[in-house]
Amino acid sequence: MRRLMGIPAAAVLLTACVTINVYFPAAEAKEAAKEFVEKVIGDEAKNVPPKPSDGGGMAFQAPAAQRSLFARIDPWSLVGIGSAHAQSQPDITIKTPAIQAIQARMAERFDSQLRGGFDAGALGFAEDGSIVVRDAAKLALKDRVAVNQAVADDNRDRKAVYREVAVANGHPEWEAQIRDVFAKQWISSARAGWWYQSGGAWKQK
């Protein structure tokens, strides 16, 4: 009887462990989205924080014996964090060949066909992160067909990359959450003067 009573408790514990290991890592997804988007749009000059000063003094150097001891210590064991906890906080990989091929295609298209439309105010980011032709009059007549095709191709690639990121990380069910994170990042990474939607209205950065 006692053995049977212990089964539900064990099942609950197992379920809890599984739930912890498959939660959506929002912070990691945001960092991955930022890296992806910035490579497509193009890097801006980034402020590199200065290295901390040593105050002109000598840095503390542990004795050789202590350094050897530190090298053999597993830092996870010092704080009681095992591999199970590490697995519960997965990184979001965007380094697969399929994802990088889409990224390269989008970056080339953005520079050659879309950037000018954003700079002119003809294009903007919708709230779902897709590209919208918000003012076709700002495009040269000869360019409109090509730009419209580029917008359609890019939006198709956006959907594909969200699916690929979710699948590459072993959780196809994360696709909608990946899309939402990327949608916010496209708008966040928009350059000064570009247009984006917020609350259904168009705004300019």
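The values are calculated or read from the model by the stated rules, or taken from the named source; none is laboratory data. All figures in this text were calculated on a predicted structure; none of them were measured in a lab. For neighbour counting, all protein chains shown are included, and Cβ atoms are generated from backbone atoms with ideal geometry for every residue, glycine included.
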Checklist outcome for this item: Apart from one, (1) of a type in the set (Lys, Arg); (2) closer than 21 Å to residue 100 by Cβ; (3) surrounded by 13 or more Cβ atoms within 10 Å (Cβ to Cβ) all hold for residue 156; the odd one out is (3)
Next on the checklist: Which residue is modelled with the highest pLDDT, if the candidates are limited to the stretch 81-98 and must be hydrophobic (A, V, I, L, M, F, W, C) and more than 19 Å from residue 184 (Cα to Cα)?
Outcome noted: 98
Checklist entry - Would you say residue 146 is surrounded by fewer than 14 Cβ atoms within 10 Å (Cβ to Cβ) and assigned to a helix (DSSP H, G or I)? => result yes
Next on the checklist: Looking at 135, 143 in this structure, which one is within 26 Å of residue 180 (Cα to Cα) and acidic (Asp, Glu)?
Outcome noted: 135
Item to check | Residue count for the stretch 97-143, restricted to those that are of a type outside the set (Lys, Arg), part of a helix (DSSP H, G or I) and closer than 21 Å to residue 204 by Cα | outcome: 11
Item to check | In the stretch 159-180, the residues that are surrounded by 13 or more Cβ atoms within 10 Å (Cβ to Cβ) and not in a helix (DSSP H, G or I) | outcome: 169, 171
Item to check | Of all residues making up the stretch 181-194, the number that are outside any loop (DSSP other than H, G, I, E, B) and touching a helix residue (DSSP H, G or I) at 6+ places or on another chain (Cβ under 7 Å) | outcome: 4
